[in-house]
Amino acid sequence: MRIGVVGGGQLARMLAMAAYPLGMQVTVLDASSDASAGQVADLVHGDFSDRKALGRLADASDVVTFDFENVPAASADWLAARVPVRPGARALEMSQDRIAEKELFTRLGIPTPRFAPVDGTADLEAAISVTGLPAVLKTRRLGYDGKGQRVVRDMSSAMEAVEQLGSGLVLESFVDFERELSIIAVRGMGGEVAFYPMVENLHRDGILRHSSAPATATAHAQDARDAVERLLVELDYVGVFTLELFETTDGLLANEFAPRVHNSGHWTIEGAVTSQFENHLRAVAGLPLGSTAPRGASVMVNFIGSMPDADKVLSLPGAHLHDYGKRPRPGRKLGHATLNAPAAEELDPVLARLITIARG
Ligand code: AMP
């Protein structure tokens with residue numbers, strides 16, 4: 001089985017590393033000649049709308065998948081006319097536009113923060129009357145890792161934020177959450193679904209810093225699974241799917257979904273019977289899914305902007321280091337480490353040391 005991946009970042013790299021034991025060949029498409037996944041898989045160099053490059057990817061693949069959702073819909077459709085594409089173009093399209101995504105949540109009865117479109121300062125008053133203040137102004141498209149969003153507390157900061165971000169925006173209520181959670185599921189070709197345990201995520205400046213799995217008990221796990229099931233069926237989905245949630249005292253609110261493997265699932269490489277990467281490959285290749293059961297407790301820490309000293313990380317008990325082979329740049333995800341232990345309590349003191357090491 002030959003797997004094509006649109007996008008050659010660290011997610012494609014970890015997919016490739018999970019593919020080799022299964023005897024799969026991986027080719028990735030990326031605009032960067034030193035893409036992280038290009039170091040471990042065949043690389044087609046070209047951008048996501050370059051038909052020649054897309055054609056080379058299609059020729060090298062029995063099935064195509066994505067490590068990135070912001071692929072032009074026309075490219076996904078073009079590929080789908082030549083080779084099976086899983087998940088399908090509709091899941092990508094829905095996840096590319098925050099308003100389409102929130103309308104989908106609402107249509108499926110999945111609670112989400114109140115929201116309103118904003119295309120200029122003239123829309124602000126009406127939008128704020130829907131969301132209240134404080135609120136978060138975000139670009140509808142292409143925002144990630146906190147880029148393209150601002151918290152607004154009053155009309156004047158809202159006006160300033162619109163001037164900075166331009167048009168094609170969405171204003172949403174600021175959620176005073178208890179914590180952030182995510183749930184990762186995998187759906188096979190026959191419609192079978194398996195869920196990983198819920199993960200607790202800590203973000204700073206909009207970037208994921210740590211994920212702990214399984215999350216300490218939540219009263220809302222069944223609500224999260226029901227929401228994901230509805231989305232998977234609606235999107236006729238195949239592969240790994242992630243839903244990011246805010247947990248509040250009144251229940252869960254859906255923030256966004258990712259139609260792909262996810263940073264909050266990296267712990268599954270060492271911390272689950274079958275990793276999210278292997279399960280995604282199994283799903284898109286039409287193979288049986290593997291167990292999503294956790295092996296004890298895990299915590300994952302991202303390395304952002306610089307890599308820590310490998311010696312120090314690996315001296316920690318239960319530590320696994322992943323270096324994505326990327327050039328350092330402020331705010332860039334360069335690697336991660338996962339700590340595993342039979343029980344969560346054993347992780348706390350080691351996590352504190354890992355965080356100190358990660359800060360340099
Ligand atoms: P996003 O790109 O939408 O995933 O946002 C990145 C991070 O910003 C989230 O994980 C939250 O930590 C924070 N955030 C985003 N939207 C909201 C909101 N409506 N209320 C409070 N915090 C938010």
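The values are calculated or read from the model by the stated rules, or taken from the named source; none is laboratory data. Model, not experiment: these values are computed from the prediction. No Cβ is skipped: glycine too gets one built from the backbone with ideal geometry, and neighbour counts run over all protein chains shown. Side chains included, ligands, DNA and RNA excluded: accessible areas come from the protein's heavy atoms. Shrake-Rupley method; radii C 1.70, N 1.55, O 1.52, S 1.80 Å.
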Inter-residue pairs, beta-carbon under 8 Å, first more than 21 Å from Gln222 (Cβ to Cβ) and in the range 170-183, second among the charged types (D, E, K, R) and assigned to a loop (DSSP other than H, G, I, E, B), 6+ apart: Val170/Arg140; Glu172/Arg114; Ser173/Arg114
Are any residues in the range 231-251 among the hydrophobic types (A, V, I, L, M, F, W, C) and within 13 Å of the ligand (Cβ to nearest atom), and if so, which ones? Leu243, Leu245, Phe246
Turns out the helices (runs of 4 or more DSSP H) fully within the range 64-116 with at least 3 residues that are within 14 Å of Ser49 (Cβ to Cβ) and aliphatic (A, V, I, L, M) are 73-80
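Looking at Val5, Val28, Val44, can you tell me which residue is farther than 18 Å from His280 by Cα, at pLDDT 95 or above and among the β-branched types (Val, Ile, Thr)? Before you say what the answer is, go through the steps one by one.
On the way: Val5 fails: farther than 18 Å from His280 by Cα; Val28 fails: farther than 18 Å from His280 by Cα.
That would be Val44, the only listed residue that is farther than 18 Å from His280 by Cα, at pLDDT 95 or above and among the β-branched types (Val, Ile, Thr).
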Consider Leu124 carefully, then state whether it is of a type in the set (A, V, I, L, M), in contact (Cβ under 8 Å) with a residue 24 or more places away in the chain, surrounded by 14 or more Cβ atoms within 10 Å (Cβ to Cβ) and out of contact with any strand residue (DSSP E or B) (no Cβ under 9 Å at 6 or more places or on another chain). no
For the list (1) open to solvent by less than 40 Å² (accessible area, probe 1.4 Å); (2) without any contact (Cβ under 8 Å) to a residue 12 or more places away in the chain, I need the number of the one condition that Arg359 fails. (1)
In the range 164-181, which residue that is open to solvent by 30 Å² or more (accessible area, probe 1.4 Å) and within 7 Å of the ligand (Cβ to nearest atom) is farthest from Ala126 (Cα to Cα)? Phe177
Is there a residue being buried (at least 22 other Cβ atoms within 10 Å of the Cβ) and farther than 30 Å from Leu252 by Cα anywhere in the range 92-111? no
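Do any strands (runs of 3 or more DSSP E) lying entirely in the range 155-251 carry at least 1 residues that are at pLDDT below 95, and which ones are they? Step through it out loud before you land on a result.
Working: elements: 169-173, 179-187, 193-195, 199-204, 207-213, 239-248.
Qualifying strands (runs of 3 or more DSSP E): 199-204, 207-213.
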Scan the range 234-247 and report the pairs whose first residue is over 16 Å from His220 (Cβ atoms) and whose second residue is of a type in the set (Ser, Thr, Tyr) and within 16 Å of the ligand (Cβ to nearest atom), with Cβ atoms within less than 8 Å and a gap of 6+ or a chain change. Thr242/Ser182; Thr242/Ser264
Would you mind telling me which numbered condition in (1) of a type outside the set (D, E, K, R); (2) touching a helix residue (DSSP H, G or I) at 6+ places or on another chain (Cβ under 7 Å); (3) more than 16 Å from the ligand (Cβ to nearest atom) Gly271 fails? (2)
Matching residues in the range 198-219 - criterion: being crowded, with 18+ Cβ neighbours inside 10 Å and either over 24 Å from Asn340 (Cβ atoms) or among the small types (Gly, Ala, Ser) (or both): Ser211, Ser212, Ala213, Ala215
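If you scan the range 145-163, which residues turn out to be open to solvent by 80 Å² or more (accessible area, probe 1.4 Å) and touching a residue at least 12 places away in the same chain (Cβ under 8 Å)? Explain how you work it out, then say what you get.
Initial filter on the range 145-163 (open to solvent by 80 Å² or more (accessible area, probe 1.4 Å)): 147, 150, 153, 156, 160, 163.
Of everything in the range 145-163, those that are open to solvent by 80 Å² or more (accessible area, probe 1.4 Å) and touching a residue at least 12 places away in the same chain (Cβ under 8 Å) turn out to be Lys147, Arg150, Arg153, Glu163.
Let me confirm something: among Ala194, Ala126, which residue is over 25 Å from the mean Cα position of the chain (by Cα) and either closer than 25 Å to Val261 by Cβ or more than 14 Å from the ligand (Cβ to nearest atom) (or both)? I'd like the intermediate steps shown before the answer.
Numbers: Ala194 fails: over 25 Å from the mean Cα position of the chain (by Cα).
Sole residue among the options that is over 25 Å from the mean Cα position of the chain (by Cα) and either closer than 25 Å to Val261 by Cβ or more than 14 Å from the ligand (Cβ to nearest atom) (or both): Ala126.
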